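Peer 1: So that we are looking at the same thing, I have put the structure below in structure tokens.
Bear in mind that the values in this text are calculations on the coordinates, not laboratory data. Because the structure is a prediction, the values reported are computed rather than measured. Note that we place each Cβ from the backbone using ideal geometry, even for glycine, and neighbour counts take in every protein chain shown.
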Amino acid sequence: MLHTEFIRHLESVCSEIENKPSKLRAYEKIYGGDINEAYRLAMTDSDYFIKINMADKLKMFQTEATSLKILADTNSFVIPKINQTGVFESQSYLLTSFILTLQDTSNAEDFAQNLAKLHQTTQAEFGLNFDNFIGELPQKNAPKKDWTDFYIENRLQFQLDIAKQQSKVPSDILKSFDKLFAKLPEIFPNEPPALLHGDLWKGNYFYNLQGKAVVFDPAIYYGHREMDLAMMRLFGGFDDKIFEIYQSLFPLEKGWQARVAIAQLYPLLVHANLFGDAYWDSIASVLKKYK
């Protein structure tokens, strides 16, 4: 529940955004996220979406706002407009435009076209010029010229180090990762770095009232484009036609099917660190093929 002082603060923020007095008419809690509280704010003339966490999470919201702006600049997916990040008393927040959802619909062509366009946005190196977060875990983006080096050092090993600090990772899995690391240079084909959403699961997209795909909660970086596609397959929730149309627009290199599980190791490690030991069995089953 939003307390009175915070509501007054938000009314002041929205009044500045709209350049006229704006009062909160109503608000409703939005469910679905694991990390933040979220609400729809019905102000005098506009509706907003707000995510709230503790004050020390402000950097997480600031990097998310920057990431959303980078995605918006690609003119691919519909992206919520960033209105404000800030801190009030013990809480930090991210305020964006509220986009109405079109329920029970799919527009595979729109999604696939936007994903292909996003992935054709490139730069010289893998990584990003700032670190960000995946969930509430830090995501290291130090640039690398080689995808294998980036994936090992900034993705797999970085998450393994977090797990080791928490005494979570089984010792046999560490040995299996060492064997995989030795084989990784032979696995991924050489491709230019692609701008990725970075956390593209079914909870981070919907279609607006015009049937256009909207994405949010990104963990962007320039990486191998198969990472986004593998994440989409990990938990389901995407129309199979999306993958077919994407393949026709921006074909993947041969053997991509065999690489899906390798690309899924990163989100599986993230989930193991965030949500517990149940994910280690899935990780072990992938690694088993590379002993």
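Peer 1: Report the FRET efficiency, 1/(1 + (r/R0)^6), for F181 and S106, where r is their Cβ-Cβ distance and R0 is 35 Å, rounded to 0.05.
Peer 2: Values: r = 38 Å, r/R0 = 1.09.
Here the calculated transfer efficiency is 0.35.
Peer 1: Shifting gears a bit: Which angle between 0 and 90 degrees, to the nearest 10, do you get for helix 256-275 versus the longest principal axis of the chain when only C-alpha atoms count?
Peer 2: Orientation of helix 256-275: about 50 degrees from the principal axis.
Peer 1: I would also like to ask the following. Write out the trypsin sites (Lys or Arg not before Pro) in the range 141-204 meeting two conditions: DSSP loop, and at most 11 other Cβ atoms within 10 Å of their Cβ.
Peer 2: Listed in order of number, the matching sites are K145.
Peer 1: Still on this structure, please answer the following. Distance between the C-alpha centers of the range 41-106 and the range 237-257? Whole Å please.
Peer 2: Between the Cα centre of the range 41-106 and that of the range 237-257, the gap is 30 Å.
Peer 1: Sticking with this structure for a sec: If I model a spin label as a point 7 Å beyond the Cα along the Cα-Cβ vector, how far apart are those points for N190 and I35 in nm?
Peer 2: Going from the N190 label point to the I35 one covers 3.5 nm.
Peer 1: Normalising by the residue count of the range 56-139, find the relative contact order in percent from Cα pairs under 8 Å and 6+ residues apart. Walk me through the intermediate numbers first.
Peer 2: Details: 73 pairs, mean separation 25.1, N = 84.
It comes to 30 percent, rounded to a whole number.
Peer 1: Could you give the angle, 0 to 90 degrees to the nearest 10, between helix 240-249's Cα long axis and the longest principal axis of the Cα atoms of the chain?
Peer 2: Between helix and principal axis, roughly 70 degrees.
Peer 1: Follow-up. Distance cut-off 22 Å, Cα to Cα: go down the list K69/K140; K202/K241; K57/K145; K144/K254; K212/K241; K140/K254 and report the pairs above it. Write down the numbers at each step before the final one.
Peer 2: Working: K69/K140 19 Å; K202/K241 15 Å; K57/K145 31 Å; K144/K254 24 Å; K212/K241 16 Å; K140/K254 29 Å.
Violating the 22 Å limit, Cα to Cα: K57/K145; K144/K254; K140/K254.
Peer 1: So, one more: Can you give the calculated 222 nm mean residue ellipticity of the chain, where each DSSP H run of n ≥ 4 adds -39,500 (n - 2.57) and the sum is split over every residue, rounded to the nearest 500 deg cm²/dmol? If you can, show how the numbers build up before the last one.
Peer 2: Working: 10 runs with 116 residues, N = 291.
Rounded to the nearest 500, it is -12500 deg cm²/dmol.
Peer 1: Also, quick follow-up: Quick one: net charge of Q91's neighbours, Cβ under 12 Å, K/R +1, D/E -1?
Peer 2: On the way: positive: K51, K57; negative: E5, E37, D56, E89.
So the surrounding residues net to -2.
Peer 1: I've got another one for you. Counting pairs of Cα atoms in the range 108-290, how many percent are more than 23 Å apart? Spell out each step's value before the answer.
Peer 2: Numbers: 6629 of 16653 pairs.
Counting pairs separated by more than 23 Å, the tail of P(r) holds 40 percent.
Peer 1: Using alpha carbons only, how many degrees (0 to 90, rounded to 10) separate the axis of helix 171-183 from the longest principal axis of the chain?
Peer 2: So the inclination is approximately 70 degrees.
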